[in-house]
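The structure under discussion appears below in the form of structure tokens.
Computed from the coordinates by the stated procedures, all read-outs in this text should not be read as laboratory data. If you're wondering where the values come from, they're calculated on a predicted model, not measured in any experiment. A quick note on method: Cβ atoms are made from the backbone with ideal geometry, for glycine too, and the neighbour counts reach across all protein chains shown.
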Amino acid sequence: MVAEKLEDLEKRGHETLITLDSSAVFALLNRRDPDHRRVKTALEQDAGPYLIPAATLGEVAYLVEERLGNKTMDLFIADLAAGAFTLDCGEDELPRARQLARKYADLPLGFTDAAVAACAEANGKRVLTLDHRDFSVIGKETGLTILP
């Protein structure tokens, strides 16, 4: 699915996908978040598509339901269903996510961030995250570009 979208992007002359980390998704959905504007601006400056790794959904759902409520969660799910974001990256990226989580356990990186890095590494190497501390370390090895 992502490979097909990358082929379409190349035909249109578009740079690459942007992989969103949980922190970026939460800030985008929370208008009161101090980083909301920065995340929204980063997305507005790029036509997408935007990729949300499946491994982040549990974390995002927990944060949104606990802090922003069911209405916001419903709107987010509606955006996913409508194709505003591409939901992907699963079993193909698991070995790399595991490798990154083990290698960077001292950060501590954790599985979700490792999955985001593995997904971005396989799909354009751009990550929209507010976790610059961990992703800047991983980015040195993987060549990830960290946004915003």
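Kindly put S23, S136 in sequence by how many other C-beta atoms sit within 10 Å of each C-beta, fewest to most.
Numbers: S23 23, S136 12.
Sorted ascending by nearby Cβ count, the order is S136, S23.
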Between the alpha carbon centres of the range 25-66 and the range 72-148 the gap in Å comes to 12
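Report the FRET efficiency, 1/(1 + (r/R0)^6), for K140 and A54, where r is their Cβ-Cβ distance and R0 is 25 Å, rounded to 0.05.
So, using R0 = 25 Å, E works out to roughly 0.45.
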If the viscosity is 1.002 mPa s and the temperature 20 °C, what Stokes-Einstein diffusion coefficient in µm²/s follows for the range 2-142 when Rh is the Kirkwood radius over Cα pairs?
139
Under a Cβ-Cβ cut-off of 14 Å, what is the net charge of the residues other than R31 that fall near it, where Lys and Arg count +1 and Asp and Glu count -1?
+4
Least to most buried among F111, F85, F135, by other C-beta atoms within 10 Å and fewest first, runs F111, F85, F135
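If each DSSP helix of 4+ residues adds -39,500 (n - 2.57) and the sum is divided by the residues in the chain, what number results at 222 nm, nearest 500 deg cm²/dmol? Before the final figure, lay out each step's value.
Working: 8 runs with 85 residues, N = 148.
Per the formula, -17000 deg cm²/dmol.
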For the range 13-80, what's the radius of gyration and Dmax over Cα atoms, in angstrom?
12.1, 40
Between T41 and H132, what length comes free when the chain is fully extended (0.36 nm per residue of separation minus the Cα-Cα distance, one decimal in nm)?
31.0 nm
Summing +1 per Lys or Arg and -1 per Asp or Glu among the other residues with Cβ less than 10 Å from D21's Cβ gives -4
